[in-house]
Amino acid sequence: MDFSKLQELAQKERERQEQYKHRIFCCTSTACLSAGAGATHSMLEQSVAACECHEHEVEVVATGCMGLCSRGPLVRVETKDEPDVVYQRVSPEVALKIVAEHLPIPPDDKDDTADEEGDILPHDFPHFRASLRKAQEQKGLEQYVLSLDHPFFTKQVKVVLSEIGHVDPQSLEDYLAHGGYQALAHVLANMTPEDVCQTILKSGLRGRGGAGFPTGMKWNFGRLAVGDTKYMIVNGDEGDPGAYMDRTVMEDDPHRVLEGMIIAAYAIGASYGYLYVRGEYPIAIQRLQRAIRLARRRGILGSSVLGTNFSFDADVRIGAGAFVCGEETALINSVEGKRGMPRMRPPYPTTSGLWNAPTVINNVETVASVPPIINHGPEWYAAIGTEKSKGTKVFALAGQLRNTGLIEVPMGITLREIVYDIGEGVSEGHTFKAAQTGGPSGGCISADYLDTPVDYENLKKLGSIMGSGGLVIIDDTTSMPEFARFFMDFCVDESCGKCVPCRVGTVQIRALLDKLIAGQGELDDLDKLEKLCKFVSAASLCGLGQSAPNPVLSTLTYFRHEYEALIQNKTNQEAAAD
């Protein structure tokens, strides 16, 4: 099928959507589902059906993440010629009020008073209508309305997340209606593989998986590599505690991920690809598999992509949830059916990767950034961010904050803006202590550096990293030695065991932390701890061991007094005993 046929589908879908006076979007992403969005969505559908509106009065759409996960479930009502209204903490009872607020409730000839318990029966419309009328009388929706002028929304610049929360993630037609696959069609019709590589290089896009390597440069390496068969892999093995950026993009905009992957494959000359997703992400797996099936049916994947002479197909590979498989050579081993353990480099995957063929690996956020870059141009993307860190970054904002959730901000925004404007600060009565970036591979940044611009270079100077996008905010109730031990516990458990520095060194680091926290440490233990961390970082085979000491080293740098206090407390206790 050529792209003109897809454009016809897109236009037909736009016309269908434009017929509705109201469109009610209910977030059914994992975060909101965990807060009860399944019941909320069901109530919206049932109560809308009970209203028996005319054919094009209202549509309920199960959509993706709207960002402010701590206020979920979230519901947005779009009404023609009126501003959107977003509701927070929408329980089934609140969902009834929303429907009653926006839709006409028809009369019923029967005695339709609600039963004494107020039960709402799924197919008993008179009971529904009685409940709707009661909800209409009670009002009280003001407390559930979210202001779209709040800095949580206005401080963001959405590129990767631009359509999430606006499209049905399971509908190819909806993706097409929002401009989907236009970038791919343009690339195949008007650009050579070299053109694509140069465009991405010119945009300044760097790998969003943590290392920050220039994406266009990696694609060029893959394009120029010699091999009859080449592979493209999308790394969805997001494993940082508290991080769910890639999961959300895969769940809520799977066709965006697929489109970026196909463009990357065209640029490097790959004929086959894999989306590697951790097994703990069942919704992402299901939606990606569905996107692949729909794309094959419409000629977007297969032997002649969009009617051109370019052929590419893809499949999903499910990982067992090993953190080390975030490292690209360990991931390759896993795709091949082997134990997920890193390989020595060189050779690098772009030269010899999957089954010894040239292979390019990008994470989910990286490939999801590609379609908008093609659509809007590299200059547009390069104008966002800083001189060396272009574009936007998606963060999973978590921890001891009033507002937590998924955010996308321009590179160069300060930690202070994220914490106090977007996050609204820590809980009342407490003070900000640190921000931990980069997950187990990152470091903790103290309050002295709140005005630091968030980009690759500045975070590295402070002893942390960008990582894949985990951002945990810590207040004054947290012990930093215990916080560091938490991440060291994680690294000990996730070490693949291949190299001695990581396998043994992380265990010894944790033992020293245990000793200090138990109040049995000596002052020279801090020197031992620091030396051991530096050795593990320098001698480990892969990124897991090389970065595992970062939380310890950064807390020793900025919060050494907390470690010293543990030792001083022991000294005081011994003196008192004497």
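Tally the residues that are closer than 18 Å to MET261 by Cβ and of a type in the set (A, V, I, L, M, F, W, C), restricting the search to the range 354-400. Number of matching residues: 11.
Considering only the range 510-525, state which residues are closer than 13 Å to PHE486 by Cβ and not charged (D, E, K, R).
We begin by selecting, within the range 510-525, every residue closer than 13 Å to PHE486 by Cβ; these are 510, 513-514, 517.
The answer is LEU513, ILE517.
When the criteria are applied in full, LEU459 meets the requirement of being crowded, with 21+ Cβ neighbours inside 10 Å and in the same structural domain as GLY399 (by TED's automatic domain parsing). Would you point out the residue of the range 290-301, among those that are crowded, with 16+ Cβ neighbours inside 10 Å and not hydrophobic (A, V, I, L, M, F, W, C), that is farthest from MET1 (Cα to Cα)? Restricting to residues being crowded, with 16+ Cβ neighbours inside 10 Å and not hydrophobic (A, V, I, L, M, F, W, C), the top hit is ARG290. Among the residues of the range 339-351, those identified as modelled with pLDDT of 95 or more and either in contact with a strand residue (DSSP E or B) (Cβ under 8 Å, 6 or more places away or on another chain) or under 20 Å from GLY469 (Cα atoms) (or both) are PRO349, THR350.
Go through the range 331-347 and give me each residue that's more than 12 Å from ASP237 (Cβ to Cβ) and touching a helix residue (DSSP H, G or I) at 6+ places or on another chain (Cβ under 7 Å). Listed by number, the residues that qualify are GLU336, ARG339, MET341, PRO342, ARG343, ARG345.
Kindly establish whether ALA39 is within 30 Å of VAL472 (Cβ to Cβ) and either part of a loop (DSSP other than H, G, I, E, B) or touching a residue at least 24 places away in the same chain (Cβ under 8 Å) (or both). Yes, satisfied. Checked against (1) surrounded by fewer than 23 Cβ atoms within 10 Å (Cβ to Cβ); (2) among the hydrophobic types (A, V, I, L, M, F, W, C); (3) at pLDDT 95 or above, ALA320 meets all criteria but (3). The range 212-311 holds helices (runs of 4 or more DSSP H) entirely within its bounds, and those carrying 1 or more residues that are polar (S, T, N, Q) and in contact with a Cys (Cβ under 7 Å, 6 or more places away or on another chain) map to 215-224, 245-252. In this structure, is ALA50 within 20 Å of LEU103 (Cβ to Cβ), over 27 Å from the mean Cα position of the chain (by Cα), assigned by TED's automatic domain parsing to the domain that holds GLN88 and part of a helix (DSSP H, G or I)? In short, yes.
Going through (1) at pLDDT below 95; (2) buried (at least 24 other Cβ atoms within 10 Å of the Cβ); (3) more than 15 Å from GLY470 (Cβ to Cβ) one by one, GLU259 falls short only on (1).
Report whether or not GLY209 is in the same structural domain as LEU288 (by TED's automatic domain parsing) and closer than 15 Å to HIS376 by Cα. Quick ask: steps written out before the conclusion?
Working: in the same structural domain as LEU288 (by TED's automatic domain parsing): yes; closer than 15 Å to HIS376 by Cα: no.
The answer is no for GLY209.
Yes/no per residue for (1) surrounded by 21 or more Cβ atoms within 10 Å (Cβ to Cβ); (2) at pLDDT 95 or above; (3) under 24 Å from ILE473 (Cα atoms):
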position: PHE535; (1), (2), (3): no, yes, no
position: ALA539; (1), (2), (3): no, yes, no
position: CYS542; (1), (2), (3): yes, no, no
position: ALA548; (1), (2), (3): yes, no, yes
position: GLU562; (1), (2), (3): no, yes, yes
position: GLN568; (1), (2), (3): no, no, no
position: ASN572; (1), (2), (3): no, no, no
position: ALA575; (1), (2), (3): no, no, no
position: ASP578; (1), (2), (3): no, no, no
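Examine the range 276-299 for a residue that is within 26 Å of MET217 (Cβ to Cβ) and either acidic (Asp, Glu) or touching a residue at least 60 places away in the same chain (Cβ under 8 Å) (or both), and state whether such a residue exists. Among the residues of the range 276-299, not one is within 26 Å of MET217 (Cβ to Cβ) and either acidic (Asp, Glu) or touching a residue at least 60 places away in the same chain (Cβ under 8 Å) (or both), which makes the answer no. Scanning the range 302-324 for residues that are under 15 Å from ALA284 (Cβ atoms) and either β-branched (Val, Ile, Thr) or in contact with a His (Cβ under 8 Å, 6 or more places away or on another chain) (or both) gives VAL316, ILE318. With respect to being in contact with a strand residue (DSSP E or B) (Cβ under 8 Å, 6 or more places away or on another chain), surrounded by 15 or more Cβ atoms within 10 Å (Cβ to Cβ) and either assigned by TED's automatic domain parsing to the domain that holds GLN568 or among the small types (Gly, Ala, Ser) (or both), GLY469 fits the description.
All conditions but one from (1) free of Cβ contacts under 8 Å to residues at least 12 places away in the same chain; (2) surrounded by 17 or more Cβ atoms within 10 Å (Cβ to Cβ); (3) in contact with an Asp or Glu (Cβ under 9 Å, 6 or more places away or on another chain) apply to LYS515; the one that does not is (2). The set of residues in the range 351-382 being assigned to a loop (DSSP other than H, G, I, E, B) and more than 23 Å from the chain's Cα centre (by Cα) consists of THR351, SER352, GLY353, ALA357, PRO358, GLY377.
The values are calculated or read from the model by the stated rules, or taken from the named source; none is laboratory data. The shown structure was predicted, so the numbers you read here are calculated from the model rather than taken from an experiment. Counting neighbours? That spans all protein chains shown, and the Cβs are built from the backbone with ideal geometry, glycine included.
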